[in-house]
Structures are given as C-alpha cells and as structure tokens.
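Take a look at the structure below.
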Amino acid sequence: MAVELQAREHAASERSVNRLLHGLGYSLQSNRKTIEGKGHPDRDAQFQHINRRVKAFQRQGQPVVSVDAKKKELVGQFRNGGREWQPQGQTEGVDVCDFVKKDLGKAIPYGVYDQTTDSGWVSVGVDHDTAEFAVETLRRWWRNMGHRVYPHAERLLITADGGGSNGTRCRLWEVELQGLADVTGLRISACHFPPVTSKWNKIEHRMFCYITENWRGRPLVSREVVVNLIGHTTTKTGLAIRSELDEGSYLTGRKVSDEQMEGLSIKRDKFHGDKFHGEWNYSILPRQQIE
C-alpha cells in the first residue's frame, strides 16, 4: 500500500500506513487451514456408520483402536517448535542447518490408540512408513497391551485415514492385516474416514497432539529421547502411552499380486441402506476359521 501511495506522489512511511490500516480495522494475520476441500457426498453417512460401529464394539467389550502415522521427525540437535521453561539466559543451542544426520536419520512414530481405555502404543520406526510397519505396530500393541486388556476378544475394529500406509488403495495393508488376523485369531474390521477428513481421526486429537505438546521446545537428540518423551506423555484424563523403538527394515514398493488378493478372507461391508463402500468398510477373517 505504501508503494501505491508513493506512486501517486503521496509521502507515506510504512509506520503511517500501518496506523492507517489499524484505524480501518485491519490487523496482521497468518493463513489458517480451514478449507477442507470438496467433501465426499457420503461423508456424513460414513461418519455415522463409524460412530455406530464403534459404539457396538464397545458395548460388546471388543477392542476399538484408531491408527495413524505421526509426522516424521529429524533426530539430532535440531530446533523443535514451541517453548519450554529453561533457566534464564541458558537457552539450548541447536544446529543452524536441518540436514539429516546419517547415523541418526529420522524417527517415524506410528500409533495405535485404544478409544475405550484412553491408552496407546507408539512404535518409533527408523526405516520407512509402510503398510508392513503399520501392521507390525498393531501386532506389538496387541501382544504387549491389547490382549491383556481384552483377553476374551474375538474381534477388533480399526478406524483409520484413507491414505498413507494404511490407505484404502494400499493392497499391502489388507494383505498384512490378513496375516495379523491369522496369527491372532481375531476377526479384524476396518472403517476408513472419507477423503480430507483425517483430522477427525481420534488418535490425532486424543494422543498425537499431547505428544507434540510434551516435547515442544526440546531437541530430539536421540532415538531413545524420542521413545522416552512419547512414553512419558500423560493427560489429566489419564492417557497412558507405551513406546518402543522398531529398528526393522521395511522395503518400499512391495508388489501385491492379484492371486494374493484373491486369497484374502475379506468381506466388504455395506454401510448405509443399499449403499456400498467396500473400500472404506471391510472385515478380514482368520483363514484357519474357514478351512
């Protein structure tokens, strides 16, 4: 605006323009992520379906979990957003450049949040966020937490986003879930959130946001620090999280053949009247139960 006034031969400093704008009711503002994009026509119906399924499983004492991968984090003496209390004049120094350190790499947190018990499990991977890694995290949650809380469980409901390593178009996700069903004997049902609605996934605002708050302003100097900060995250409502480092290797680009897909014991579910979204809602049965 100052440039426009000067072009019209009006003397105007930035300060005077700022005062003028303030007097007109303007203020300095940043962008806000509020536009979700075009909603799917079955968006609300899918939300209602997920809500019904969650309540039904919980009434029957069957486990319901929300899963997702958290943002990858650089490991090392790097700046971490936010502020934390420190002795005056003793600000912790961090590296100027955010270049990945070969010996430390990145931390890849993948979480499983139990919606009934307000507890969770986070595996911190060091390789790649793949469907194999995601289901391995589910397997670790079940072995270390889930089966102890639900010793008589016969079914498991998973709510997940529609993209990423647990996406609706990821064949490997379904193949790996079949393997998990075969090993645990659980009938595994999955409900995916519609496109551009991932922020409504319970794990985002009941677990991940508190992890981010817990390590704000603290450089994640080692993998052990990442695991410990996650594991010590709590809330007033009683959130409890267990975390473990997963140093396994997970190859990207694994192909799943049509024969493998045909071998799945999978049932695509209806979700609203005669409507059918089998890519969003399905159940995988242990294969030993149908032999």
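Values in this text are rule-based calculations from the coordinates and carry no lab data. Here the structure is a predicted model, which means the values were calculated and not measured. All Cβ positions, even for glycine, are placed from backbone atoms using ideal geometry, and neighbour counts span all protein chains on display.
Observations on the structure shown:
- Cα-Cα over 31 Å, subset of K102/K255; K102/K236; K70/K236; K55/K199; K55/K106: K102/K236; K55/K106
- Listing Y26, Y110 from fewest to most neighbouring C-beta atoms within 10 Å gives Y26, Y110.
- Here is the list for region 156-206: trypsin sites (Lys or Arg not before Pro) lying in DSSP coil, each with at most 14 other C-beta atoms within 10 angstrom of its C-beta, are R169.
- Per-peptide average of other Cβ atoms within 10 Å, ordering 40-49, 177-186 highest first: 177-186, 40-49
- Protection-proxy order for peptides 218-224, 119-125, each taking the mean of Cβ atoms within 10 Å per residue, highest first: 119-125, 218-224
- Sorting the segments 255-261, 162-168, 243-249, 229-235 by their mean number of nearby beta carbons within 10 angstrom, highest to lowest, gives 162-168, 229-235, 243-249, 255-261.
- Each label was represented as a point 7 Å from its Cα along the Cα-to-Cβ direction; for T252 and T237 these points are 3.5 nm apart.
- Taking θ as phi - 60° and the Karplus parameters 6.51, -1.76 and 1.60, the scalar couplings of region 119-136 work out to 9, x, 10, 10, 8, 9, x, 10, 10, 9, 8, 10, 5, 4, 5, 4, 6, 4 Hz in sequence order, x denoting glycine and proline.
- Segment Q60-T212, extension gain: residue separation times 0.36 nm, minus the distance between their alpha carbons: 51.4 nm
- Sparse-neighbourhood loop sites, GluC sites (Glu not before Pro) in region 119-184 - DSSP loop, at most 15 other Cβ within 10 angstrom: E154
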